[in-house]
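Take a look at the structure set out below.
The values are calculated or read from the model by the stated rules, or taken from the named source; none is laboratory data. Predicted model, so just to flag it, every value in this text is computed and none were measured. For neighbour counting, all protein chains shown are included, and Cβ atoms are generated from backbone atoms with ideal geometry for every residue, glycine included. The protein model used for the area step is the full one, side chains on, heavy atoms only, and it has no ligands, DNA or RNA in it. Shrake-Rupley method; radii C 1.70, N 1.55, O 1.52, S 1.80 Å.
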Amino acid sequence: MPCLVLTATSGLAAAQTVTPDLFSPNRQSQVINPDSPLRRTTAEALDPLNGLRLPDADPARRPSSSSSTSTTTRIGQVPTYGLPAANGAATSGYDSLNRKRVKPKYYPGQAKPKPPPGPGSPVPTSPPLTAAGQLRLSIPPSDTANKPPLPPAMAGTIVGQPPRKRLKIDDDPFGAVGDYAGSFMVKTAVEVMAGYDTNPGRLNSPQGKAFYMVAPEFLAVSDWERHAVVADLRGSFTGYGSQLTPIDGTPLSAPLDVDRPNFTGHIDGRLDVSRDTHLLGQARLLVSTDNPGSPNVQAGLARYPIYTTVGGTFGIDQNFNRMQVSLGGTVDRTDYQWSKLTDGTSSSNDDRNFTQYGGVGRFSYELNPAVKPFVEVEGDSRFHDLYLDRNGYARNSSGGYAKIGTSFEFTRLLFGEISIGYAARDYVDPRLSRLEGLLTTASLTWTATPLTTAKFYSDTQLGETTLPGTSGVLSRTYTVEVDHDFRRWLTGIGKFTYGTLDYQGDNRTDTIYSVSADLIYKMTRSLWIKGTVRRDWLDSNQPGQSSASTVVMLGVRVQN
């Protein structure tokens, strides 16, 4: 019986066929579990390209020669039912045919997705973690803080919402902010400086002194829909620790005490009667002394006599379409203190006190918003308290000026005003010749780059003098200034000044030069550190009147 069984089963074993299912990776059984993910699906079984079989072990089951041509094989076959090339590349895959991708269209205002990372794209970084998996303390707290949610309108997440405009960059990120007092914007500042001056008295034989300077500032501007008031008050006091020393008992051409106060302030007002009619007014005050090295300074003075000039202007401004007419009247009063001499006596300066009355008119026409030419005419009369001065000359006079110019503004890169004219003054005393000369005034600002600004100033003045036989002094000054921001918090200022002083009737001519360099370190909006180096020259055609000095200052500026 065992032999019969073996004989019967040997025929069945010879007829068994080796199929791909026998090469299953499942080591437990040669039969694939129906739930196995490696089991072929029905679609794969029906695929004619998957019909490749291994050679049958039974030669009787091998296909005949007549049917061998119908046997399916993958070698050299291209499926006729397959998909075209690169069909599965989607919108970001590789296309072997190099066809142009169809880009999605977005309606206006819709947020566009960011492009996928590719060659050259920065690798996204995650917040740095410590070994314990916690965030490092080097991350700014604002990145991990719990922030309140923003409204969709503020966050710009509303579909179809136009993008929000960015805020304007602060032109002066370290400028004074100021405070509101009612409807006035008020800005205050004070500078405290200390330094050394090699020749404070502007003597031919210099004597150097250390000094300090305190300079307060006050600015108030109204914030009204109509009318306007502006108050600009600036002052300074320069003090020296000791007095100058006379040489060999000879009186100096400068006072022993060279302390000097200075104050310049004005309050401007505008009353809007109508759209084209405005009433104007100004009140002004000047407190100062004679300039060091001036021939008006008496010999043997104990200190500089202080003079004050108080005045005002009242007028009207009328617009006729593009033409503008401005008319105003002026009155100014100048008073000098008595001079205190080194011997303890005092000398009167009443002959230098005078009152000036005048009027000014300006006619301008706006050619275009950037160019506005004008013509300005002024006339005045001066009446001294004493008809004859200390030298017996009658100083009462009348004069004025006429000039023509234009104001312009080109995209805020170049703006200002420039004019040229003629000024003259006649005196009551026939021994005093006419004081006259070319009048040049200018105020230009050129923004060369966002960090560099160049300025040019020019002015001409007709001043009084006490020199015998001299009508007055015609002074002209020209100043060039360049400001450059090395950083927003570090500013350098270079300035050069050239001027001439023509004492008509005395044949004296003085030439002044000044070169200065300032460096400002802006620590905060409220605290600046300033350093200044300046060199001054006074070149006179009179012997023994020339001088030179060097000034070095360092201090702080506190502002609000």
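Some notes on this structure:
- Where only C-alpha atoms are counted, convex hull volume of segment 163-204 per residue in Å³: 178 Å³
- Taking a ≥ b ≥ c as the square roots of the eigenvalues of the alpha carbon gyration tensor, segment 393-447 is prolate, as a/c is not under 1.5 and a/b beats b/c.
- The mean sequence distance of close C-alpha pairs (under 8 Å, at least 6 residues apart), as a share of the length of segment 339-410, puts its relative contact order at 31 percent.
- Hull volume in cubic angstrom per residue (convex hull over the Cα atoms of segment 260-340): 111 Å³
- Per the Kirkwood formula applied to alpha carbons, segment 406-560 shows a radius of gyration over Rh ratio, Rg over Rh, of 1.07.
- Per-residue packing, averaged as other Cβ atoms within 10 Å, sorts the ranges 298-304, 229-235 into the order 298-304, 229-235, beginning with the highest.
- Taking amide H atoms as placed 1.01 Å from N in the peptide plane, the amide H of Tyr393 has no partner under 5 Å among residues 5 or more positions away or on other chains.
- Cα gyration tensor category, rounded, prolate or oblate, for segment 174-252 with a/c compared to 1.5: prolate
- For the pair Tyr521 and Gln318, the difference between a 0.36 nm per residue extended length and the Cα-Cα distance amounts to 68.6 nm.
- Only protein heavy atoms count here; under a 1.4 Å probe, Tyr357 has an accessible surface of about 120 Å².
- Solvent-accessible area, 1.4 Å probe, carbon plus sulfur percent, for segment 486-525: 58 percent
- Plainly put, segment 381-481 has a radius of gyration that is 1.17 times its Kirkwood radius, both from alpha-carbon atoms, as the Rg/Rh ratio.
- Two-decimal Rg to Rh for segment 316-365 - Kirkwood Rh, Cα set: 1.42
- Its convex hull of Cα atoms gives segment 144-291 a direction-averaged projected area, equal to a quarter of the hull surface, of 18.5 nm².
- For the pair Thr406 and Asp426, a Förster radius of 22 Å applied to the C-beta separation gives a FRET efficiency near 0.15, rounded to the nearest 0.05.
- Accessible solvent surface per residue of segment 217-361, calculated while the other protein chains remain in place, 1.4 angstrom probe, Å²: 51 Å²
- Arg322 exposes around 120 Å² of accessible area when a 1.4 Å probe is run over every protein chain in place.
- As an equivalent ellipsoid, segment 449-496 spans semi-axes of 38, 10, 6 angstrom, where each value is the square root of five times an eigenvalue of the C-alpha gyration tensor, largest first.
- Per-residue SASA entry for Phe456, accessible area with 1.4 Å probe, Å² rounded to 10: 70 Å²
- Only lysines eight or more places from Lys403 in sequence, or on another chain, were considered; those with a Cα closer than 25 Å are Lys372, Lys455.
- Taking the accessible area of segment 373-457, probe 1.4 Å, and keeping the other protein chains in place, the carbon and sulfur fraction comes to 66%.
- Length available on full extension from Ser205 to Leu490: 0.36 nm per residue minus the Cα-Cα distance, which gives 98.8 nm.
- For Lys522, a cut-off of 20 angstrom between C-alpha atoms picks up these lysines, skipping any fewer than 8 places away in its own chain: Lys187, Lys495, Lys530.
- Surrounding net charge for Tyr365, when Lys and Arg each add one and Asp and Glu each subtract one, Cβ distance under 12 Å: +2
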